[in-house]
Structure formats: C-alpha cells, structure tokens
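Enquirer: Got a structure for you, written out below as structure tokens; questions coming shortly.
The values are calculated or read from the model by the stated rules, or taken from the named source; none is laboratory data. Note that the coordinates shown come from a computational prediction; the quantities given were computed from them, not determined experimentally. Counting neighbours? That spans all protein chains shown, and the Cβs are built from the backbone with ideal geometry, glycine included. When the accessible area is computed, the model is the full protein with side chains, heavy atoms only, and any ligands, DNA or RNA have been set aside. Shrake-Rupley method; radii C 1.70, N 1.55, O 1.52, S 1.80 Å.
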2 protein chains.
Amino acid sequence: MATDYEKPDTSVDCVLLTLGEGGLRVLLLPRDKEPFAGTATLIGAYVRPQIDRTLEDTVQRALRDKAGIDGVYLEQLGTFGGAERDPRGWSIAVAYVALIQTSIADEAERRSGVRFERVLVGALPPLPFDHAEIVAAAVERVRAKASYSTLPAFLLPEAFTLAEYKQVVEQVTGRIIDDGAFRKKFDAIPGLVKIEGAKKGGTNSSGTGKRPSQLYRIAAESDRPRMLTRLF
Amino acid sequence: MATDYEKPDTSVDCVLLTLGEGGLRVLLLPRDKEPFAGTATLIGAYVRPQIDRTLEDTVQRALRDKAGIDGVYLEQLGTFGGAERDPRGWSIAVAYVALIQTSIADEAERRSGVRFERVLVGALPPLPFDHAEIVAAAVERVRAKASYSTLPAFLLPEAFTLAEYKQVVEQVTGRIIDDGAFRKKFDAIPGLVKIEGAKKGGTNSSGTGKRPSQLYRIAAESDRPRMLTRLF
DNA sequence: GGAATAGTGTCTTTGAGACAATATCTA
DNA sequence: TAGATATTGTCTCAAAGACACTATTCC
C-alpha cells in the first residue's frame, strides 16, 4: 500500500461502435445502478485488482459480462478524471473504443438477451456523467484514423469488398472520395489482402447488383489496424 | 463511495521534455521513497482528491512541488495500469507529456535547488516501473506531432527564428528538410506570427552569424499547439 | 442487348523537393 | 568587399483528383 490518502474510484468505460443505418452508431446499455439507473450509458466497470490483471482485462470483462461480447479490437482513448464528473465524488475513467461488425452485436443480443440502444453518433441523447464528451472523443479518433490506418476494416465482416470499405471511410469521415483515386490507394494498402473468389449481389441499394466484386480481408498477422501515412 | 472492492493506487507521471545538446532530452529526478529510492524517474504524484480537482491539477502540483516548474504545456499521453507494473501491486498511472524550453529548466534548478538528470531520449538509463515504456510513448507522440502541429514551438523560447524551428523539427523527427520547402510551409502555418524586429548573431554554430533573421512567436490566442494537415 | 456495377487508363493540376539565384547583414 | 547566413524563385517530378473508358455479370 502506497499512500494514506483516500483514493479515487477507478473504472473503465467503453465506446462500443458499429455501423448501422445512417452511419456510425454507439451501442448503449441502461445503467443498472443509481445514480442514473435506467438511463442509457457507455459500457463500463470498476477496476477490480483481484480479478483483472490489466486495464484491458477490465474492459473485456465489462463487455463480456454486460454485453455478451468477446475479444474485440480495443483502443485506449484517454482518461477522464476529476471531482466533478461523477456526483458521487472524485473518479477516474479510462476510456476505450471498441469496433465491432454489426453481426456481432446482433448475435450478442440474441444469445445473451441484452438490448442495445444503437444511436447515431450525430444524434446522441443526453448522457450521464461526462459520457457525451467521451463519445465525442471516440468519434473524433475514429474519424481521424479512418484516413490513415486500416481501422475501418474492423467495422466490417471478415470478407468485404472495396466498395464496402470505401463506403465506411466515406460515412465516417463525411467526405466523398473519387472511385479511381480510392482504388489506387486501396491496392497499395498493406494489411489488407485479396481473397480468391468473388461476391454476388453487389453492394448497391437496389440489391440486384450485376458484376460481382473482389473480396478482401485483414491480413492474418495483423489483429490491429496498420498505420499508414495518409491514405485518403 | 461506489464499490466495496479494493481500489488500485492511482498516480500521474509526467515526461518532462526539453531540448539540449544532441536533441530531445527527458528530465528525471531521483525518487525519494522506496522502492527504487535514489533512482532517476519520471516526475509523478499520487492523485489526491482532497487537493486536486482534476488530473491536470495533480500533474501541475507534482511539477510545482518536485521540480519547481509552473504552468507548462501539458498533453495527456495514455494510461498505464495493471498488476505487474509496480512491485507494490495493482496501480494505474496516467501519463502526461510536458514540453518546456531549456531556460525554464535552468531557472527551476537555480531557484528551487533541484538537479535534473537530463538524458537523451535515445540513451535512457534503466528506469524503474514501466517508465521506459512511457518515455518511448512520449517520444513517439512528440515525433509524430512535430510534423503536423505547432508543438515544436513549445520547446523554444518565446521568440524564435525559422531556422531554430526547423532545427527542432529535424532533431525530433530525424529527417533533414529542404530549406526552401520548409519556408513555404512555415509561412502558411496559422498559430505562428512574425514579430517586427530582427535578431543578431544567427543560429549557426560558429556564432558569428551574418544576416539577422526574422523572429516569430506563438500566436497569443493559442496556448496549445495548432493541429494541421501534415506540414513537413 | 440493356442495365448496373466493377475496375482501368489518362489527363490535369497541385504540391513537394532540389537547387539556383538574390538579399542583407558583419567584419 | 568578402564571407556567411537569410530569403526568394524556378524547375522537375510525383502524387491526387477528375473523369472517361472498358469489363463483367444478371436479366
């Protein structure tokens, strides 16, 4: 034991992001305890030294226990601490971003009975504590990294087309990218590889796509996004 | 009070960086307590809810009390937590980077009697805890931001020449930049402004510079680095 | 063949880098 | 005026964006 002073409460909070109608969505769950019981919030947990060995352990435990989600891509976002952020007093929250594909969220709901509130990041309801600020930071981070890393791939299924990847980048950054330009860059991205085989149906809205398109996947050896020098 | 579980120790650690012979240097101080008493370490302090209102308060307090340094530019770096990093048990350290000009460090030493160990970031001695990892992250951060923000200005005196700024960028990034190219970009950087007046002596090693050069300073309204889209 | 999307090629413009030329100071 | 650094201008090359063109599939 290292100090005689009172210690702040320490927790983690996870901004769970996925794609949905209209773009990037945060997955929220109703709080089960006071204060703000019943209100939709980020998924979090207190750090429990007896159970967790690392901070990421705490996050994975929270996701597993509260959301039925296992082993996803995590990125530390920042730490929010102070006397004001929680009405109960001084607290520290280490915030993380998690990116999952939509089907994982669907499965989790089916298997563990949870019901996510999936809200567009641009239309957040009022959130308790400083969770609105945390979500804003998460969106900012994802937006930035969408342009210079392979992070968007973590929002997509294992196999995805170039058009789908492009659509994610466009949705997240809000910029429309020229198809030719995108394709040139895309081919050169390390960390993404072609899968031999094509895909039917196309990615368009009408559903009745014509020419099938090449599928890609994240290179096996990289379970985290590859950093690159400005792509799009 | 929010949990019945034991809480981890929570502290902040500050990577205090400055320029010196050979480039970027970390300022370390000998620890005054066990474990590792006497060993050079980062400047840190336990979070004290009774004293501090925010995490930055804790950092500023540590810098003031232990290093005699006041009100510097701070940037949160990341949070390091887990069961292994401190032999005393589970702990969390929120790490910050602080950039100061050399003269501030000199003054602090003169006024408060502390003696910094100023080590080149490329030649660190063995550091206790996970401080080596924290320093590495800090250097990485500064290196990256040197190219797309006005962060290097925080390592320089209030007034500096273009050549001095360029030298910082080169020292930090390790790349040599063409003078003409640098100048074109530099002129366009918002957040830096000309001071009407020149400077004698030049910036060269021989000391006997010839033509004086224009001085610049950080624009008054910005006490933090301006983010830009890739400069150098 | 027509419709619709996938993928390629080309042209133009922009900007970075290399480097030459000029400017301004001190001694 | 010589020497040294500051500052500007010009040329070249490569990448980015716009956009036209070809390819492949389903109906």
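Enquirer: What residue, of A:Gly68, A:Gly44, is assigned by TED's automatic domain parsing to the domain that holds A:Gly113, on the phi > 0 side of the Ramachandran plot and at pLDDT 95 or above?
Expert: None of the other options fit; the residue is A:Gly68.
Enquirer: Is it the case that B:Leu77 is in contact (Cβ under 8 Å) with a residue 60 or more places away in the chain and either open to solvent by less than 30 Å² (accessible area, probe 1.4 Å) or part of a loop (DSSP other than H, G, I, E, B) (or both)?
Expert: yes
Enquirer: Is there a residue being small (Gly, Ala, Ser), in a strand (DSSP E or B) and within 14 Å of chain A (Cβ to nearest Cβ) anywhere in the range B:29-49?
Expert: Filtering the range B:29-49 down to residues small (Gly, Ala, Ser) leaves B:37-38, B:40, B:44-45.
If we keep only those that are in a strand (DSSP E or B) as well, we get B:40, B:44-45.
Then keep just the ones that are within 14 Å of chain A (Cβ to nearest Cβ); that gives B:44-45.
So far as the range B:29-49 goes, yes, one or more of its residues are small (Gly, Ala, Ser), in a strand (DSSP E or B) and within 14 Å of chain A (Cβ to nearest Cβ).
Enquirer: Residues being out of contact with any Ser or Thr (no Cβ under 9 Å at 6 or more places or on another chain) and among the polar types (S, T, N, Q): count how many of those fall in the range B:85-134.
Expert: Within the range B:85-134, residues that are out of contact with any Ser or Thr (no Cβ under 9 Å at 6 or more places or on another chain) and among the polar types (S, T, N, Q) number 2.
Enquirer: Quick check on my filter: what residues within the range B:157-184 are within 22 Å of B:Glu196 (Cβ to Cβ) and away from DNA strand D (no atom under 14 Å from the Cβ)?
Expert: B:Pro157, B:Glu158
Enquirer: What pairs come up if the first residue lies in the range A:176-203 and is at positive phi and at pLDDT below 90, the second is open to solvent by 50 Å² or more (accessible area, probe 1.4 Å) and within 8 Å of DNA strand D (Cβ to nearest atom), and their beta carbons are under 8 Å apart, counting only those six or more places apart or on different chains?
Expert: A:Gly201/A:Thr208; A:Gly201/A:Pro212; A:Gly202/A:Thr208; A:Gly202/A:Lys210; A:Gly202/A:Arg211; A:Gly202/A:Pro212
Enquirer: Looking only at the range B:204-232, filter to residues that are modelled with pLDDT of 90 or more and away from DNA strand C (no atom under 15 Å from the Cβ); which one of those is least open to solvent (accessible area, probe 1.4 Å)?
Expert: It comes out as B:Tyr216.
Enquirer: For the range B:54-74, how many residues meet the condition of being closer than 28 Å to A:Asp57 by Cα and either at the interface with another protein chain (Cβ under 7 Å from one of its Cβ atoms) or in a strand (DSSP E or B) (or both)?
Expert: Residues meeting the conditions: 2.
Residues are listed down the side, and each one gets a yes or a no for (1) β-branched (Val, Ile, Thr); (2) within 25 Å of A:Asp223 (Cα to Cα); (3) open to solvent by less than 30 Å² (accessible area, probe 1.4 Å):
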{"position": "A:Asp106", "(1), (2), (3)": "no, yes, no"}
{"position": "A:Arg115", "(1), (2), (3)": "no, no, no"}
{"position": "A:Leu151", "(1), (2), (3)": "no, yes, yes"}
{"position": "A:Pro157", "(1), (2), (3)": "no, yes, no"}
{"position": "A:Tyr165", "(1), (2), (3)": "no, yes, yes"}
{"position": "A:Ala181", "(1), (2), (3)": "no, no, no"}
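Enquirer: Restricting to the range A:17-44, count the residues that are in contact with a Leu (Cβ under 9 Å, 6 or more places away or on another chain) and under 30 Å from B:Gly89 (Cβ atoms).
Expert: Final tally of qualifying residues: 3.
Enquirer: Just to verify a result, which residue in the range A:1-24, among those that are open to solvent by 50 Å² or more (accessible area, probe 1.4 Å) and of a type in the set (D, E, K, R), is nearest to A:Leu124 (Cα to Cα)?
Expert: Step one: filter the range A:1-24 for residues open to solvent by 50 Å² or more (accessible area, probe 1.4 Å), giving A:1, A:4-6, A:21-22.
Now drop any that are not of a type in the set (D, E, K, R), which leaves A:4, A:6, A:21.
Numbers: A:Asp4: 41, A:Glu6: 35, A:Glu21: 15 Å.
Here the answer is A:Glu21.
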